[in-house]
Amino acid sequence: MTKEEEILQVNQEYIRRRMQQGERKDGRAFDELREITITPNYIHEKAEGSCCVQLGNTKVIAGVKVNVGTPFPDVPDEGVLMVSAEHAPLAASHFEAGPPGENSIELARVVDRAIRESGMIDTGTLCIAAGEAVYMVGIDIHVLDYDGNLIDAAAIASLVALLQTNLPPYDPETGALDRDSDGDALPVQDKALSITGYVIDDGVIFDPDYAEESIADARLTVGFKEDGTICSVQKGGWKPLTREQITDIAQQCAQLNQTVREKIKNVMAE
Amino acid sequence: MVQDADITLIDDNGIRFDGRQTDEMRPVSMEVGVLHNADGSAMVEIGKTRILAAVYGPKELHPQHLQDQTTGILQVRYNMAPFSTEDRQKPGPNRRASEISLVARKALEPVVFLEEYPMTTVKVYIEVIEADASTRATGITAASLALADAGIPMKGLITACAAGKVGDSIVLDVASKEDSYGEADVPLAMIGGTDDITLLQIDSSGLTHEELDEALRMGKKGCEYLFEKQKEALYRQYSQVIT
């Protein structure tokens, strides 16, 4: 066992012991988030929209790149929205370089699902010339420091990055985007945000750090539209959940969803 | 190199397109200890170029057949974030990134006392957050700071910058427009405070021997300036007890 694994194991035993007494190792309430720092426009020039989110020691950048491309033949008048994620090896000693693994792909797809299903981006508005040219909006989630709860950090970063995004004007002569012009804001129909609850033994906690997350038996990510209705869900982990557990976690997620939205609103108003 | 008549990179008074003198660098900022998990880290910004470097190790090297009983090894990975450039970078290493990883390793190795850590690896991750030329040079400068921040024993710091040729002038710290439309890009890395060059690459449409010599002098001047900035960043982090 490496030194890191030993420390983790000691931590895990401590977390379990404290949780049996209704406490968390850092004194937080079960549904209390760590300190959150949201930095919109983190990529000053090269991305069309971006945001860096720090949740405790977890640090994630979402960068939006807008390109022009030909639409898919079956939907000639719709643009394209894509979400990708990378667990860059600088973010944790156990992350490996290489093509995106299943964790990266799940992270990207869970964030994608909330955005897509909420109808936040109407891909029809991304059409430039039907059958010929459409905007392709790509969100890249880049993990810089991993200390748990990547899904929520990535969801917040993606939402704020999209709200910051401009569509550079399309120049029909060259068939390219004029990135030197500001362009119009990306039309946004809704605001999707996901919150994840983590089940450890009989308790449910939110915004776990790495050690807490590493002993979670199950997790439930709930995506919300701005009106508070649910637009996506993902269950993770090995342990089955009951109907009562699921509805209870969803209720708690809804509360935190409001808390985080307030924080985002304050940051955007600055 | 692309020639474009519409772009004036340097005027008759020797002032560059962004207002700089020929021997002037873009604004520089450096900070060490910017990441939580990594054993050492640094962020270096030169103009609009922003690079994050992280170091892990020394730690056990896998696969085992790479282990060396006489020394540790340095593993370097240069990577561009997908949103760091005008056109999105497809994730994963391409041929350019693989070569830069190699030359960055060769640039850093001469100062690191790897023989103190047989069988192990020191991993260096250079992550381009935003690119506006000189990403390999800036990445090496950041990596050297991250190694120091990680407490890896070294006989010195490595400092790197890019000289170049724009029109008929040798200039310091090429910006991306100068790289694309200028006559030469000359990235070099040096052992701080010495005359030793540990990385040199040149892309040029034509450089005389005199110009090469001048570019090397210019590069050294840039490295000397950045070396001071590196030391300042380390002092800032470590000169006082954090309470």
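What follows is calculated from the coordinates using simple rules that are stated; it is not laboratory data. Owing to the predicted nature of the structure, the values given are computational and were not obtained by experimental measurement. Glycine gets a Cβ as well: all are built from the backbone with ideal geometry, and neighbour counts include every protein chain shown.
Before moving on, here are some points about what is shown:
- Whether the protein assembly as shown is rounded, prolate or oblate, judged on the alpha carbon gyration tensor where a/c under 1.5 counts as rounded: oblate
- Segment A:108-124 - phi-based ³J(HN,Hα) in whole Hz, Karplus 6.51/-1.76/1.60, Gly and Pro as x: 4, 6, 5, 5, 4, 4, 5, 5, 5, 6, 6, x, 3, 10, 7, 5, x
- Sorting the segments A:141-147, A:231-237 by their mean number of nearby beta carbons within 10 angstrom, highest to lowest, gives A:141-147, A:231-237.
- Listed residue (B:Gly219, B:Asn79, B:Ser144) projecting farthest to the positive dipole end of segment B:28-236, Cβ model: B:Asn79
- Relative contact order [Cα under 8 Å, 6+ residues apart], chain B, whole percent: 22 percent
- The GluC sites (Glu not before Pro) of segment A:76-115 meeting both criteria, a DSSP state outside H, G, I, E and B (loop) and at most 16 other C-beta atoms within 10 angstrom of the site's C-beta, are A:Glu96.
- Shape call, chain A: gyration tensor on alpha carbons, a/c limit 1.5: prolate
- Using alpha-carbon coordinates, inclination of helix A:243-269 to the longest axis of chain A, degrees: 60 degrees
- The magnitude of the dipole of segment A:27-269, with charges of +1 and -1 set on the Cβ of Lys/Arg and Asp/Glu and taken from the Cα centre, is near 360 debye.
- Degrees between helix B:135-149 axis and first principal axis of chain B (Cα, 0 to 90, nearest 10): 30 degrees
- The distance from the alpha carbon centre of segment A:43-74 to that of segment B:109-173 is 27 Å, rounded to a whole number.
- Shielding by other protein chains, B:121-128, mean Cβ within 10 Å: 2
- Fraction of C-alpha pairs exceeding 24 angstrom in chain B: 45 percent, rounded to a whole number.
- Considering only beta bridges that DSSP places wholly inside segment A:27-269, some 85 percent are antiparallel.
- Within segment B:48-170, antiparallel bridges make up roughly 60 percent of the DSSP beta bridges whose residues both belong there.
- Spatially proximal lysines relative to A:Lys235 (Cα-Cα < 24 Å; intrachain offsets below 8 disregarded): A:Lys59, A:Lys191, A:Lys225
- Within the protein assembly as shown, percent of DSSP bridges classed antiparallel, to nearest 5: 85 percent
- The dipole here belongs to segment B:28-236: it is taken about the Cα centre, uses +1 on the Cβ of Lys and Arg and -1 on the Cβ of Asp and Glu, and is about 600 debye.
- Shielding by partners for peptide A:52-58, expressed as the average number of C-beta atoms from other protein chains within 10 Å of each residue's C-beta, is 1.
- Look at the stretch B:37-47: the mean tally of other chain Cβ atoms within 10 Å of its residues' Cβ atoms is 2.
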